[in-house]
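A.B. asks: Take this structure first; my questions come after.
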Amino acid sequence: MRTATHRIRLIASAALLATALSTGAAATAAPHPPAPAAVSAAAPAAAAQSSWPTVKPGQRGVDVTTVQLLLTARGHATKADGVYGSGTAAKVKAFQKAQRLTADGIVGPRTWARLVTTLKAGAKGAAVTALQHQLTANGHTVKADGAFGPATTTKVKAFQKAHRLTADGIAGTRTWAALVRGGGNGGGSGKPGGGGKLSDAQAAAKLKAAGISRVSSGNCTDRNRKNCTSLQGIRVGTVNGVVSLKKKSGCKVTVTGGTETGHAGGTYSHWNGYKVDISRTSCVTNYIQGHAKKHHKRRDGAWVWRVTSGGKTVVDYADERWANHWDITYY
């Protein structure tokens, strides 16, 4: 009996040991709870921290068109007419509600972060069309056909390079943020106010083609006369910036001051082609104040609204209310 009992105890002990070892092995082999949930939750938060403009009812322009196309791409079909009316507001609110965001109809950082989507070569659809509109508005003209082909890849890389982003041709969060933030960066040198200089005729032709007019109290273009509005010697990037402002805002833009004498001196001056004055309309003012940050007051009392990229100043909009115009500097 003792021998039989002893054998039973040995068998029971072996079984218990095997069970313990099996449980331990399973615990060791099982992966830790995956962190994807934390990662996916952090991604929108990181995107929301990027610098985005605010788009809201009453506004017009390419940023509104972009919102409309991205809404369509996200399953909330919206007419892409560039006008933020009641229909667009309703779609934005529906999207925000579906994303558990504050449904206020205002497209701010958190809504932008959920709207944009990473795009690369081979992609097709409304989101690609939105990307192409933004590239063109930022001076990197490309056909808005909704197909992410070689031409779009080239333009995305050129834009990224100009904005000191990784030039991989993939439109991710940082690229989208830089695009909709704008600043009028054209191609070429990668500096909004940089690049070569234009003759008065060349600059006038580019502005006219974009639907931008020019006026002067003296009805003249001689840069050596204070009452003229001259474009002689204006920088390519400055003209690209004004064209971008027109396209992105959807506002009527009229140049009232260029490179003529009579303005303040300095490196980034009118005379050197870095500055331009445009009429102070309510449409232009609303756009600037909605897409730039109020920064500081100049000695002459003008408040400066600033756009930055990569920690550097890209554009300064000085509100010269007394002269009824915006004094814009493209660095």
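A.B. asks: Could you please let me know if residue 281 is touching a residue at least 60 places away in the same chain (Cβ under 8 Å), more than 19 Å from residue 137 (Cα to Cα) and open to solvent by 10 Å² or more (accessible area, probe 1.4 Å)?
C.D. replies: Spelling it out, it is not the case that residue 281 is touching a residue at least 60 places away in the same chain (Cβ under 8 Å), more than 19 Å from residue 137 (Cα to Cα) and open to solvent by 10 Å² or more (accessible area, probe 1.4 Å).
A.B. asks: Another question about this same structure. Could you give every pair whose Cβ atoms fall below 9 Å, whose first residue belongs to segment 201-230 and is of a type in the set (Asp, Glu), and whose second residue is assigned to a loop (DSSP other than H, G, I, E, B) and modelled with pLDDT of 95 or more, counting only separations of at least 6 or pairs across chains?
C.D. replies: 222/228; 222/230; 222/260
A.B. asks: Can you pull out every residue in segment 146-167 that is in contact with a helix residue (DSSP H, G or I) (Cβ under 7 Å, 6 or more places away or on another chain) and among the charged types (D, E, K, R)?
C.D. replies: Listed by number, the list holds a single entry, 155.
A.B. asks: Across segment 212-260, what is the number of residues that are small (Gly, Ala, Ser) and in a loop (DSSP other than H, G, I, E, B)?
C.D. replies: Summing the residues that are small (Gly, Ala, Ser) and in a loop (DSSP other than H, G, I, E, B) in segment 212-260 gives 7.
A.B. asks: Can you pull out every residue in segment 238-278 that is surrounded by fewer than 17 Cβ atoms within 10 Å (Cβ to Cβ) and charged (D, E, K, R)?
C.D. replies: 252
A.B. asks: Suppose we filter segment 52-78 for residues that are assigned to a loop (DSSP other than H, G, I, E, B) and at pLDDT 95 or above; how many remain?
C.D. replies: 5
A.B. asks: Here is a further query. For residue 154, all conditions in the list (1) at pLDDT 95 or above; (2) in contact with a Ser or Thr (Cβ under 7 Å, 6 or more places away or on another chain) hold save one; what is the number of the exception?
C.D. replies: (2)
A.B. asks: Which one of 181, 223 is modelled with pLDDT under 90 and open to solvent by less than 60 Å² (accessible area, probe 1.4 Å)?
C.D. replies: Checking each option against the conditions leaves just 181.
A.B. asks: Still on this model: Which members of segment 79-97 meet the condition of being surrounded by fewer than 23 Cβ atoms within 10 Å (Cβ to Cβ) and either within 30 Å of residue 311 (Cβ to Cβ) or touching a residue at least 12 places away in the same chain (Cβ under 8 Å) (or both)?
C.D. replies: Answer for segment 79-97, where residues must be surrounded by fewer than 23 Cβ atoms within 10 Å (Cβ to Cβ) and either within 30 Å of residue 311 (Cβ to Cβ) or touching a residue at least 12 places away in the same chain (Cβ under 8 Å) (or both): 80, 81, 82, 83, 85, 86, 89, 90, 91, 93, 94, 96.
A.B. asks: Also, I was wondering about something else. Exactly one condition in (1) farther than 26 Å from residue 123 by Cβ; (2) aliphatic (A, V, I, L, M); (3) in contact with a Lys or Arg (Cβ under 8 Å, 6 or more places away or on another chain) is false for residue 107; which is it?
C.D. replies: (1)
A.B. asks: For segment 124-139, give me each residue that is in a loop (DSSP other than H, G, I, E, B) and either open to solvent by 10 Å² or more (accessible area, probe 1.4 Å) or among the small types (Gly, Ala, Ser) (or both). Don't jump to the end; show me each part of the working.
C.D. replies: Here is the first cut: in segment 124-139, the ones in a loop (DSSP other than H, G, I, E, B) are 125, 138-139.
Passing the criteria: 125, 139.
A.B. asks: Here's another thing I want to ask about it. One residue is enough: does segment 115-123 have a residue meeting the conditions open to solvent by 40 Å² or more (accessible area, probe 1.4 Å), over 22 Å from residue 246 (Cα atoms) and in contact with an Asp or Glu (Cβ under 9 Å, 6 or more places away or on another chain)?
C.D. replies: Yes, segment 115-123 has at least one match.
The values are calculated or read from the model by the stated rules, or taken from the named source; none is laboratory data. Computed from a predicted model, the values in this text were never measured in an experiment. No Cβ is skipped: glycine too gets one built from the backbone with ideal geometry, and neighbour counts run over all protein chains shown. What goes into the accessible areas is simple: the full protein's heavy atoms, side chains included, and nothing from ligands, DNA or RNA. Shrake-Rupley method; radii C 1.70, N 1.55, O 1.52, S 1.80 Å.
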